[in-house]
Amino acid sequence: MQRTLFYATRSMAFSPEAKERLRAMPHSSSRHLLALALLLALLTLSYPPPAAAQPSGVRCFQETGHCIAGQLATFWASNGGLSVFGLPISPLLDLEANGRTLHVQWFERARLELHPDQPPPYAVQLGQLGLETLQGAGWVWQNFPQDADAADCQRFAETGHLVCAPILSMWQNHGLQLDGRPGYTAAESLALFGLPISGLQSETLENGQTYQVQWFERARFEIHPGETEPRVLLGRLGASLFNADTARAVAQRVATPCPFRAPAGVRVECGALLLPLDYGHPAGRSVAVSFAIFRDPRPAPDPILYLAGGPGSPAIEQAVTLWQAWRSFIAGRDFIVVDQRGVGTSWPALRCPEVAAFNRQVREHGLQGQTYAHGEAAAILVCAERLTASGFPMRAFTTAAAVNDLDQLRQSLGYAQWNVLGISYGTRWALALLRDYPASVRSLVLDSPYPLQASLYATMPAHLERSLQQLFGDCAAHAHCASAYPELEARFWRLVAALNANPAAANLGPDPNHFTGNQLLELIFRQLYRTRSLPHLPAAIVAAERGDFGPFRALAAGGSAASTGSSGQSQALYYAIQCPEDLQTLPPGWREATLAAHARVAGFYTGLLELSGEAEPLCARFGAATPDARWQVPANSNAPALILAGSYDPITPPQWRELAAVGLSQAYTYEFPGTGHAVLGRGACPVGMIRSFLNNPAQAPDSGCVAQLGGPAFR
């Protein structure tokens, strides 16, 4: 994936107070202290700021939180950039001028205006900020005294003023590139700065200091003292004139190169939509939301929008793979993939290199369980503080904001409605979209639903136990499995207890010589996600009982849908959403009650950050949005919905398909036997049902294939 870097790597700088907060996080053992010591050592490392990775073709500035793109970015870069215009201080805005509406963007020293009715190079023009500033102050420039002739100066007969050294040199050495030739003609300098409208005069400026200045139609030149000779600087007129409170922001859609190779013969359009970081302050800082559209040659008017899980999982990096896997139901429609704000190629990306660095360190020391969760929470807190200090408060990254982003994208692309396909957290995002913008959704496909009114964490241990019971029950009912692996349930729990009492040298996990029963539960939990792992689990359990962990090593090497180790995962985005939208909605004592009710798996979950006791202090310090009860309100809609769930899913259980259907008058729900998380991975059956549903969502699809799937084909 090609990305442009606009900022050098810088050292992380944390205040002494921040380090003290880390030291103050609760700890109860020497291993907790070791985890904390490792984390504090990471504070000396360097990490790229969040602005480092951004959509190609868009230039975003961490200092102000704004981006430039398209014609304005080209104009800015070609005609002086930072030294002439300064940083962008606004998004694209509407401006009423002379009875028409212009799109403009403010910079520290200028206002760039789009004039689409003008040919290049006049399609982008500069606002007359010098004139506007003087008029706003009640000064009439025509009343300024005209200048007497002087040597080494240039007179402008139009206004009667001279431009002399050192301002003259600055004026002559800058201009707009009108003819494409090196250097600047007088006409090019005039096009950039305009005519002088005052002589050289003393003024006390915004900083309280007095300087010699000269006003031009579009600029104010200032003479500042230098070490050896005076320096000529341009005044920050844009910063003085811009009023964010009265500005009207415009969603700016920009075409960008795709960060992947498109399939042969397929037209793919990629882009970014520049949107408010905070919809309550639309002219404030910005985010860039990346998208990719796979164009169908003869599309229906309603495209398919895919929403990824997580929250925090990139989608665009998988776009080609998804399009290829789902071609049979995508055909006939445009297919849109979006990286949620804070994720993947969107800007800023709320990734936490602190967590990856911490993981590399703790592997050397074999930290695991609750000790690891303590250090992981501290690393995530360090990451959140860094991102917030960079101008991106965690409270701006919510599902509600991401829903607003989607509707802005739909309007910008010109679609009246779309069909929304979500997997895992993507279903929760999709249900929130349906609730907040019901008219925009033609149909919903919810795979492994995470309902708005459900809590993931209060029910996680129960869901794992249910999935294990499904495994043991299916094995007992399967002739080969029951014969080859009798009494599997009892043997499994004896194995868990034995490994907790005497950890094995299994070459699994952070310490190859210390594999516990709780780690076995974690490994099983992750493999229950994967439909293709299910047939192998009984044999792997019995092999481990004999001391042979090779089958489990093979399964672990195959990866897991539950893994969050991707370098593209946005860990800070995960907690920015899950803290206020799930964890902080739970009553006091929920964790203790949950673990007590499911003691057999509690040892595993106490090592998972969200149930370890570390999540509460992390969320309290994280700076996420304040929990809002409206976020748990389900949609109430007539939009048809196809809801699919896997019988083995250990994280979004099959019974949640009925909870997701609450308030949906046309919901068709199905449980797929022998299936883990993400039912679409089951192949032709769910794919065919989705194709049938999209073609006629008012009718339940033919589901005969579901019953034919059966349970796992145990080996």
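The values are calculated or read from the model by the stated rules, or taken from the named source; none is laboratory data. The shown structure was predicted, so the numbers you read here are calculated from the model rather than taken from an experiment. For neighbour counting, all protein chains shown are included, and Cβ atoms are generated from backbone atoms with ideal geometry for every residue, glycine included.
Details
- Restricting ARG253, ARG218, ARG248 to those that are outside the structural domain of ARG333 (by TED's automatic domain parsing), touching a helix residue (DSSP H, G or I) at 6+ places or on another chain (Cβ under 8 Å) and farther than 25 Å from ALA191 by Cβ reduces the list to ARG253.
- ARG442 vs. criteria surrounded by 16 or more Cβ atoms within 10 Å (Cβ to Cβ), closer than 21 Å to GLY681 by Cβ and more than 25 Å from the chain's Cα centre (by Cα): no
- If you filter the range 338-363 down to residues that are surrounded by fewer than 24 Cβ atoms within 10 Å (Cβ to Cβ) and touching a Leu at 6+ places or on another chain (Cβ under 9 Å), you find that the one that is nearest to CYS270 (Cα to Cα) is PRO353.
- Among the residues of the range 576-594, just one is more than 25 Å from the chain's Cα centre (by Cα), surrounded by 18 or more Cβ atoms within 10 Å (Cβ to Cβ) and not hydroxyl-bearing (Ser, Thr, Tyr), namely ARG591.
- The listed residue being assigned to a strand (DSSP E or B), without any contact (Cβ under 8 Å) to a residue 24 or more places away in the chain and not basic (Lys, Arg), out of GLU203, GLU188, GLU227, GLU269: GLU203
- The set of residues from the range 494-511 being assigned to a helix (DSSP H, G or I) and more than 39 Å from the chain's Cα centre (by Cα) comprises ARG494, LEU495, ALA497, ALA498, LEU499, ALA501.
- Candidates GLY175, GLY183 - the one that is out of contact with any Cys (no Cβ under 8 Å at 6 or more places or on another chain), crowded, with 19+ Cβ neighbours inside 10 Å and at pLDDT below 95: GLY175
- Against the test of being modelled with pLDDT of 90 or more, within 17 Å of the chain's Cα centre (by Cα), farther than 28 Å from ARG295 by Cα and assigned to a loop (DSSP other than H, G, I, E, B), the options ARG351, ARG386 yield a single qualifying residue, ARG351.
- Residue tally, condition aliphatic (A, V, I, L, M), part of a helix (DSSP H, G or I) and within 19 Å of LEU433 (Cα to Cα), over the range 616-659: 2
- Filtered residues of the range 142-168 (kept if assigned to a helix (DSSP H, G or I) and closer than 25 Å to ARG231 by Cβ): ILE167, LEU168
- Subset of the range 475-529 [among the charged types (D, E, K, R) and closer than 14 Å to ARG546 by Cα]: ARG491, ARG494
- Residue list for the range 312-329, restricted to those being among the aliphatic types (A, V, I, L, M) and over 16 Å from ILE423 (Cα atoms): VAL320
- Candidates are the residues of the range 181-214 that are among the hydroxyl-bearing types (Ser, Thr, Tyr) and out of contact with any His (no Cβ under 7 Å at 6 or more places or on another chain); the one that is farthest from GLU132 (Cα to Cα) is THR185.
- Check on ALA264, in a loop (DSSP other than H, G, I, E, B) and not charged (D, E, K, R): yes
- Restricting GLY80, GLY136, GLY127 to those that are in contact (Cβ under 8 Å) with a residue 40 or more places away in the chain, in contact with a Lys or Arg (Cβ under 9 Å, 6 or more places away or on another chain) and not charged (D, E, K, R) reduces the list to GLY127.
- From the options ALA255, ALA249, ALA262, residue that is under 27 Å from SER346 (Cβ atoms), touching a residue at least 40 places away in the same chain (Cβ under 8 Å) and exposed (fewer than 15 other Cβ atoms within 10 Å of the Cβ): ALA255
- From the options LEU499, LEU508, residue that is surrounded by fewer than 23 Cβ atoms within 10 Å (Cβ to Cβ), over 30 Å from ASP302 (Cα atoms), at pLDDT below 95 and touching a strand residue (DSSP E or B) at 6+ places or on another chain (Cβ under 7 Å): LEU508
- The range 110-120, residues that are touching a residue at least 24 places away in the same chain (Cβ under 8 Å) and more than 36 Å from the chain's Cα centre (by Cα): none
- Selected residue (only one of ALA596, ALA615 is outside the structural domain of ILE316 (by TED's automatic domain parsing), free of Cβ contacts under 8 Å to residues at least 60 places away in the same chain and under 24 Å from LEU521 (Cα atoms)): ALA596
- The one condition in (1) closer than 22 Å to ARG327 by Cβ; (2) in contact (Cβ under 8 Å) with a residue 60 or more places away in the chain; (3) aliphatic (A, V, I, L, M) that ALA625 fails to fulfil: (1)
- So GLY284, is it out of contact with any Ser or Thr (no Cβ under 8 Å at 6 or more places or on another chain) and without any contact (Cβ under 8 Å) to a residue 24 or more places away in the chain: no
- Test: ARG546 is more than 25 Å from TYR372 (Cα to Cα), at pLDDT below 95 and of a type in the set (Lys, Arg): no
This table checks each residue for (1) touching a helix residue (DSSP H, G or I) at 6+ places or on another chain (Cβ under 7 Å); (2) among the small types (Gly, Ala, Ser); (3) assigned to a strand (DSSP E or B); (4) touching a residue at least 60 places away in the same chain (Cβ under 8 Å).
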{"site": "TYR372", "(1), (2), (3), (4)": "yes, no, no, yes"}
{"site": "VAL382", "(1), (2), (3), (4)": "yes, no, no, yes"}
{"site": "VAL420", "(1), (2), (3), (4)": "yes, no, yes, yes"}
{"site": "GLY426", "(1), (2), (3), (4)": "no, yes, no, yes"}
{"site": "LEU464", "(1), (2), (3), (4)": "yes, no, no, yes"}
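- Checking SER313, SER290 one by one, the residue that is outside any loop (DSSP other than H, G, I, E, B), touching a Ser or Thr at 6+ places or on another chain (Cβ under 9 Å), under 23 Å from LEU275 (Cβ atoms) and of a type in the set (Gly, Ala, Ser) is SER290 and no other.
So that you can scan it fast, the table gives a plain yes or no per residue for (1) modelled with pLDDT under 95; (2) among the hydrophobic types (A, V, I, L, M, F, W, C); (3) crowded, with 22+ Cβ neighbours inside 10 Å; (4) in contact with a strand residue (DSSP E or B) (Cβ under 6 Å, 6 or more places away or on another chain):
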{"position": "GLN71", "(1), (2), (3), (4)": "yes, no, no, yes"}
{"position": "SER83", "(1), (2), (3), (4)": "yes, no, no, no"}
{"position": "HIS103", "(1), (2), (3), (4)": "no, no, no, yes"}
{"position": "ARG111", "(1), (2), (3), (4)": "no, no, yes, yes"}
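- Scanning the range 281-304 for residues that are of a type in the set (D, E, K, R) and within 19 Å of ASN404 (Cβ to Cβ) turns up just one, ARG285.
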